[in-house]
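What follows is a short report on a single structure.
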Amino acid sequence: MDERHTTQQVEWNLSSAIILEIQALLNKASNYYLGQNIKKAFWTLKTLKFRFIQSLDQDERKELKNIEKDFVSNHKNKGKVIILYENYAEKIMDLLDSYGYLLQKKKDSTRIN
C-alpha cells in the first residue's frame, strides 16, 4: 500500500468517525427535545459545537456564544428557553450544512435511490 492511499484511508476513517459522532449527538439532542428536556437538548447541541468549532470563524463563534449566554440567563423562563433552543439548533444545523458535515440533499427527492 502506498503512502497516499494510506493517508486517504486515515482521513476517511477520521471523517467517518466525526460524522457518526455528530449524528449520534444530533439524535440525542432530538430525543431530549422530544422528551421535553430542553436543557439537556441544548447542552447536547453545545457539545456538538465543540466537534467542529475549529471550522468556525470569529463571528460564528460569537453568535453561538451570545445564544448560549441568553440561554443560561433565561434558564427559568421555559418559553424563552424553547425559543433560544430552536434558534441555536437551527444555527448549528446551518453551520453543519455550510461546513459540509451534512449529506447533500438529492436533486430528485421523489425517489429513495
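In plain terms, the residue of 72, 81 with the fewest other Cβ atoms within 10 Å comes first and the most crowded comes last, giving 72, 81.
Couplings 3J(HN,Hα) of the stretch 32-44, computed from phi: 4, 4, 5, x, 6, 9, 5, 5, 5, 4, 4, 5, 5 Hz, in residue order, whole Hz [Karplus 6.51 cos²θ - 1.76 cosθ + 1.60, θ = phi - 60°; x for Gly and Pro].
Restricted to Cα atoms, the stretch 3-98 shows a radius of gyration and a Dmax of 15.5, 56 angstrom.
Taking Lys and Arg as +1 and Asp and Glu as -1, the other residues whose beta-carbon sits under 10 Å from that of residue 32 total +3.
Near residue 64, once Lys and Arg are set to +1 and Asp and Glu to -1 for all other residues with Cβ below 9 Å from its Cβ, the sum equals +3.
Any read-out appearing in this document is the output of simple, stated calculations on the displayed coordinates, not a laboratory observation. Treat the numbers as computed from the prediction; the structure is a model and nothing was measured. Cβ: placed from backbone, ideal geometry, glycine included. Neighbour counts: every protein chain shown.
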